[in-house]
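Following: one structure in structure tokens, then a few remarks.
The values are calculated or read from the model by the stated rules, or taken from the named source; none is laboratory data. Values in this document were obtained by computation on a predicted structure and should not be read as measured data. Just the protein is used for accessible areas: all its heavy atoms, side chains included, with ligands, DNA and RNA removed. Shrake-Rupley method; radii C 1.70, N 1.55, O 1.52, S 1.80 Å.
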Amino acid sequence: MNIRDDLEIFGVVYNKQFEICKYIAENTNPSTDTFIGTYKKINKDLGVAESTIARIMKKLQANNLIKKVQNGVWLVDSNFIEKIKKGIWLINLNSGKGENE
């Protein structure tokens, strides 16, 4: 099973949704598993429509992968972060980029 399969199990489709998941993983404080980011900030950084962001965040919440603490503050499941980071590493490896790129 690959990262795409893992994400599809969670009801997340591999594309813009993966980019948002990757963004969350890369911007989550590892000591607290806290992600701070509003839909506007994610939109600005990734260029993904806020309606798409909202839909993806709801899917992640429904699958207990993130939990809204307050507007713009999310508690992220550490296992989810590891799966996303593994996926990023695999994508980089498959594209010829090094592990640290």
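Okay, here's what the table says:
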quantity: 16 Å tail of the calculated P(r), the stretch 24-91, as % of Cα pairs; calculated: 47 percent
quantity: Solvent exposure, largest accessible area first (probe 1.4 Å, DNA, RNA and ligands not counted), of E82, E19; calculated: E82, E19
